[in-house]
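Read the structure below first, then the notes.
Each value in this text was obtained by applying a stated rule to the coordinates, not by laboratory testing. This is a predicted model, so every value here is computed, not measured. FYI the Cβ positions are ideal-geometry reconstructions off the backbone, even for glycines, and counts take in every protein chain you see.
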Amino acid sequence: MTVVGRGPPRVVAMPNDIPGRGPAGPWHVETALVHGGRPPAVPGAPLNTPIEPASTYHAGGEIEYARDGTAGTEALEDAVGPLEGGGAVAFASGMAAANAIMDTIPSGSGGTAHPPVIVAAEFTYTGVAMRLRELDDRGAIRLRRVDIADTGAVLAALPGATALWVESPTNPMLEVADVPALAEAAHSVGALVVCDNTFATPLGQRPLDLGADVVLHSATKAMGGHSDCLLGIAITADDERLESLRLRRTLMGAAPGALECYLVLRGLRTLGLRHARAQASAEVIAERLALHPAIARVRYPGLASDPGYARCRRHMSGPGSMISIEAAGGAEAAHRLTESTSLWVHATSLGGVESLLERRRRWDAETPAVPESLVRMSVGIEDVEDLWADLEKALATIA
Ligand SMILES: Cc1ncc(COP(=O)(O)O)c(C=O)c1O
């Protein structure tokens, strides 16, 4: 098995000067992560925007009420936007950001009458999938679910669509979509393209560059990186859409807390290091898992045998740190595996410093087409040999 090579170094254009220090960038993304969103460099001032526990501000200033955004929210947004090549709006969670994006999808565009038609990946994060189904059930949208990795099937579903909801790589099947081809086709029918980039992170993929109109992140995951807060981000290069997303945040009451903004911005400072290390470990672990007799299939776009390998090479800078495996012994073996590790934590979520695993079908809400034997693994930043030793011991119980 071969693992994909690295893409070219990513350079990020910084839209603003560093206050008090002059022009910023262009920088490599790792530098932008460290230096974006800093307060003005004034003698005696802190390097970080302080956590400000306030709902209400004295009248007449730029900020009057925290639900509209605060200095802490803006610092985070200033740091995140350039990473994806747009402007960012921070929300209370990834789901809050997803709902706000859904709420901006216009009715009746794409040549359709109300309600809007949304074409969405069959394998999408369960929360997003449930919400889309709920909106469909109550007639607020018309949902067409497609295999997002099957470009022909997506194209066939697009006529009359108002929006295309892409997730790539998908949760938990790790399929990779041909985002540029899908975006071009969606735009040709007037549909908005949303891309959930949570699994890839801005270091692995830049969907706006690939043609998407709006990018979604659950910053609860790799951006925050320490499993200690919830936060979501929406990013777009369209100023009108950006304003509309900000208004959704205010009207839906989906503003992130002051501590959460601080924690995610602090997490971003080390995202470059964490991402590189977790990805390097994931590559090693995926290769070893692919040779293990207790595993029927490894889903990881860094493996040459994976259907997403070619697209990953073309559109991503690396395959990331998420792996899904299917236990040869079925659901029971998969369950036993998740109960048999001691270092890998049996828990839901992903993108944190600690490695996690879980059998996804333990959730009733998970898409039924996800195999019962599938275990999703989020590789953290521990020593890779410790991770493998723990996994090998657990795999021996199901071999
Ligand atoms: C791909 C993806 N998108 C969105 C979300 C929702 O994010 P949050 O849990 O921050 O609301 C998740 C959560 O697991 C996710 O995995």
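Assuming a ≥ b ≥ c are the square roots of the Cα gyration tensor eigenvalues, decide whether segment 185-310 counts as rounded (a/c under 1.5), prolate (otherwise, with a/b larger than b/c) or oblate.
oblate
Quick one: which residues, 5+ away or cross-chain, put their amide H under 5 Å from the amide H of residue 171? H built at 1.01 Å from N.
Long-range HN contacts for residue 171: 125.
So, in nm, how far is label residue 362 from label residue 252 when the simple model puts each one 7 Å beyond its Cα toward the Cβ?
Going from the residue 362 label point to the residue 252 one covers 2.9 nm.
What are the ³J(HN,Hα) couplings of segment 332-345, residue after residue, when phi is run through the Karplus curve with 6.51, -1.76, 1.60 and θ = phi - 60°? Round to Hz, x for glycine and proline.
Listing the rounded values in order: 5, 5, 4, 4, 4, 4, 5, 8, 9, 8, 10, 7, 5, 8 Hz.
How much net charge surrounds residue 354 when only other residues with a Cβ under 14 Å from its Cβ are counted (Lys, Arg +1; Asp, Glu -1)?
-3
Return, ordered by residue number, the residues of segment 214-257 whose backbone nitrogen is under 18 Å from a label point located 7 Å along Cα→Cβ of residue 52.
Residues passing the 18 Å test: 250, 255-257.
By how many nm would the segment from residue 266 to residue 31 lengthen if fully extended, with 0.36 nm per residue of separation less the alpha-carbon distance?
Extending this stretch completely gives an extra 83.2 nm.
Using the number of other C-beta atoms within 10 angstrom as an exposure proxy, rank 223, 173 with the fewest first.
Final ranking by Cβ density, sparse to dense: 173, 223.
Say each of residue 181 and residue 296 gets a label point 7 Å from the Cα, pointing the same way as Cα to Cβ; how far apart are those two points in nm?
2.8
Which of rounded, prolate or oblate describes the chain when judged by the alpha-carbon gyration tensor and an a/c cut-off of 1.5?
Verdict is oblate for the chain.
Within 11 Å, Cβ to Cβ, of residue 199, how many net charges do the neighbouring residues add up to if Lys/Arg are +1 and Asp/Glu are -1?
-1
Tell me which residues come under 5 Å, amide H to amide H, from residue 297 once H is placed; ignore anything under 5 positions away on its chain.
326
If R₀ is 56 angstrom, what is the calculated FRET efficiency for the pair residue 65 and residue 328, using the beta carbon separation as r and rounding to 0.05?
FRET efficiency, residue 65 to residue 328: 0.50.
Can you list residues whose amide H is under 5 Å from residue 144's amide H, if they're 5+ apart or on another chain and H is modeled 1.01 Å from N?
So residue 144 has HN proximity to 118, 119, 120.
Rounded to whole Hz and in sequence order, give me ³J(HN,Hα) for segment 180-192 from the Karplus expression 6.51 cos²θ - 1.76 cosθ + 1.60, θ = phi - 60°, writing x for Gly and Pro.
x, 5, 5, 5, 4, 5, 5, 5, 5, 9, x, 8, 6
Which value in nm describes the separation of the simple spin-label points at residue 107 and residue 305, placed 7 Å from the Cα toward the beta carbon?
5.1
Can you work out ³J(HN,Hα) from phi for every residue in segment 151-167, in order, using Karplus 6.51 cos²θ - 1.76 cosθ + 1.60 and θ = phi - 60°, giving whole Hz and x for Gly and Pro?
4, x, 5, 5, 4, 5, 8, 6, x, x, 6, 9, 8, 10, 9, 9, 10
Provide 165, 363 in ascending order of the number of other Cβ atoms located within 10 Å of each residue's Cβ, fewest first.
The most exposed by this proxy come first: 363, 165.
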